[in-house]
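Everything on this sheet refers to the single structure shown next.
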Amino acid sequence: MGAFQKLKYSHSEVGNFSIENLEYEQNEIEFMPVDVEDAADQLVIAKWIMRSLAQKYGVNITLLPRLPPEKPEAACIFIPNS
C-alpha cells in the first residue's frame, strides 16, 4: 500500500509571497475520506515525507497555520465521514 493511496489532489495555493530574500509558497494536499485512524496515519506519514524531502533538498518547511499573520492562512481541516 502506498503512503498516499487515498490522496485526492495537491496544488499550489494563492498564499505565495516574498519577505526580504525568502520565498514562501502555500500548498494544499487533500486526502480522500477515510476512517479517523487511517486519516491520522496519513497525516503523520505526509508530514514525515515533507520534512524528509525538505531536508534532502535543503529547504525549510513549516506546518504553521499562518506565517506571518497578515498573509493568507493555511489550515489542517478534518471533515467527518458522513
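The values are calculated or read from the model by the stated rules, or taken from the named source; none is laboratory data. Remember, it's a predicted structure, so these values are computed and weren't measured experimentally. As a convention, Cβ positions derive from the backbone with ideal geometry for all residues, glycine included, and neighbour counts pool all protein chains shown.
A few notes on this one:
- Residue check, ALA3 part of a loop (DSSP other than H, G, I, E, B), exposed (fewer than 14 other Cβ atoms within 10 Å of the Cβ), hydrophobic (A, V, I, L, M, F, W, C) and at pLDDT below 70: yes
- Set side by side, the residues VAL14, VAL59 differ, and just one is in a loop (DSSP other than H, G, I, E, B) and modelled with pLDDT of 85 or more, which is VAL59.
- For region 27-40, a residue qualifies if it is loosely packed, with under 14 Cβ neighbours inside 10 Å and assigned to a helix (DSSP H, G or I), and the qualifying residues are VAL36, GLU37, ALA40.
- Within region 22-68, restricting attention to residues that are in contact (Cβ under 8 Å) with a residue 24 or more places away in the chain and small (Gly, Ala, Ser), the residue that is nearest to SER12 (Cα to Cα) is ALA46.
- Single residue of region 17-26 satisfying the filter (in a loop (DSSP other than H, G, I, E, B) and under 16 Å from the mean Cα position of the chain (by Cα)) that is surrounded by the fewest Cβ atoms within 10 Å (Cβ to Cβ): GLU25
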